[in-house]
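Working notes for the structure below.
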Amino acid sequence: MKQAKAQVKEAVKIKSNIYLLKIHSPYLAKKSQPGQFLHLKISSVILRRPFSIHKVEGNTVFILFRVRGRGTKALSQIKKGKVLDIIGPLGKGFDFKNNRENILIAGGIGVAPLVFLAQKLKGTKNLVLLGAKNKSEVICENEFKKLGFAVKLATDDGSRGYKGTAISLLKHILRTTDDGRRTTIYACGPKEMFLEISKVLKKYPRINCQVSFEQFMGCGLGICCACVIETKNGYQKVCKDGPVFDIKDIW
Ligand SMILES: Cc1cc2nc3c(=O)[nH]c(=O)nc-3n(C[C@H](O)[C@H](O)[C@H](O)COP(=O)(O)OP(=O)(O)OC[C@H]3O[C@@H](n4cnc5c(N)ncnc54)[C@H](O)[C@@H]3O)c2cc1C
């Protein structure tokens with residue numbers, strides 16, 4: 001991890017409030033692991049803002065983000081050539097070695113870190129469940145297809161794919177497959193989604209599941225404790241002990 005300046009090679013609007021930044025950084029491209037994040041200085045806000053490493057191609061790292069408030073609004077207006085002040089890579093990412101069957105679950109913009117993970121997974125059977133409010137909010141479908149993943153969509157209004165949440169779809173899939181002995185689930189999205197996953201997995205204790213939290217954060221370095229969550233092992237810092245946790249350590 002280090003603090004460094006890196007230049008934006010391209011800034012692309014993907015959908016009405018979703019943006020992609022391509023950042024040139026041989027250091028970050030080499031050192032980053034799926035599930036880790038970058039802490040970005042954005043001039044209009046005091047605290048840095050955390051963003052997952054969306055994917056890595058050559059010497060370029062990508063950030064995919066949704067505009068939420070002042071910081072992300074300012075970030076969405078950044079143009080090609082701008083030099084960013086970045087601390088990273090930070091945090092503990094996904095443990096993804098030696099899995100044969102993988103199910104990735106994305107709730108909305110929670111898809112951001114899962115593409116980088118998909119780039120690294122060598123499993124024989126890879127599936128991603130993309131949850132969105134409606135068909136116009138589905139993102140990264142083709143990215144996963146290009147990486148050889150089977151893609152299933154779940155939309156709240158049923159405008160594409162399964163009508164319902166990605167977790168009801170998961171329940172359905174697990175009911176109709178084997179006991180999931182060799183399956184690992186990786187998920188990113190809202191905390192409520194993780195809680196639903198943990199309820200489903202009570203029936204399938206042999207399935208491993210890792211979840212990546214998007215908690216409000218202060219320093220990002222494990223000093224300020226603004227991002228702590230309660231786990232079975234006491235309070236833990238999302239920035240340093242996470243953002244990826246084993247779901248069984250939380251619920
Ligand atoms: C490890 C980590 C990785 C992340 N990766 C991504 C990513 O890849 N792409 C992405 O779009 N976002 C990601 N986030 C969330 C992102 O950091 C926040 O959206 C961003 O900090 C909001 O800044 P802002 O100034 O625009 O909003 P603020 O002005 O700070 O807040 C505006 C509103 O947005 C909501 N909000 C802000 N932050 C969060 C949050 N963390 N969780 C839930 N609601 C929030 C609050 O309701 C708030 O009222 C990540 C967060 C963490 C901790």
Can you tell me which residue within segment 4-16, out of those that are of a type outside the set (D, E, K, R) and modelled with pLDDT under 95, is least open to solvent (accessible area, probe 1.4 Å)? ALA4
Looking only at segment 185-202, filter to residues that are part of a helix (DSSP H, G or I) and of a type in the set (A, V, I, L, M, F, W, C); which one of those is surrounded by the fewest Cβ atoms within 10 Å (Cβ to Cβ)? LEU195
Just to verify a result, which residue in segment 203-226, among those that are farther than 29 Å from ILE86 by Cβ and open to solvent by less than 70 Å² (accessible area, probe 1.4 Å), is farthest from the ligand (Cβ to nearest atom)? TYR204
If I go through segment 71-91 residue by residue, how many of them are part of a strand (DSSP E or B) and touching a strand residue (DSSP E or B) at 6+ places or on another chain (Cβ under 6 Å)? 7
Among what's in segment 227-241 and is assigned to a strand (DSSP E or B) and not acidic (Asp, Glu), pick the residue that is farthest from the ligand (Cβ to nearest atom). GLY234
Cross-chain or 6+ apart pairs with Cβ under 9 Å, segment 65-81 first and in contact (Cβ under 8 Å) with a residue 40 or more places away in the chain and open to solvent by 20 Å² or more (accessible area, probe 1.4 Å), then part of a helix (DSSP H, G or I) and hydroxyl-bearing (Ser, Thr, Tyr): ARG66/THR72; VAL67/SER76
Quick one: which strands (runs of 3 or more DSSP E) lie wholly within segment 13-70 and hold at least 1 residues that are more than 9 Å from the ligand (Cβ to nearest atom), touching a helix residue (DSSP H, G or I) at 6+ places or on another chain (Cβ under 6 Å) and more than 20 Å from LYS92 (Cα to Cα)? none
What are the residue pairs meeting all of these: first residue in segment 204-216, first residue part of a loop (DSSP other than H, G, I, E, B) and among the charged types (D, E, K, R), second residue at pLDDT below 90 and open to solvent by less than 90 Å² (accessible area, probe 1.4 Å), Cβ atoms under 8 Å, and 6 or more apart or on different chains? ARG206/ASP179; ARG206/GLY180
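The values are calculated or read from the model by the stated rules, or taken from the named source; none is laboratory data. Note that the structure is a prediction, hence the values are computed from the model and not measured. Please note: Cβ atoms are built from the backbone with ideal geometry, for glycine as well, and neighbour counts cover all protein chains shown. To get the accessible areas, we keep the full protein, side chains included, count just its heavy atoms, and leave off ligands, DNA and RNA. Shrake-Rupley method; radii C 1.70, N 1.55, O 1.52, S 1.80 Å.
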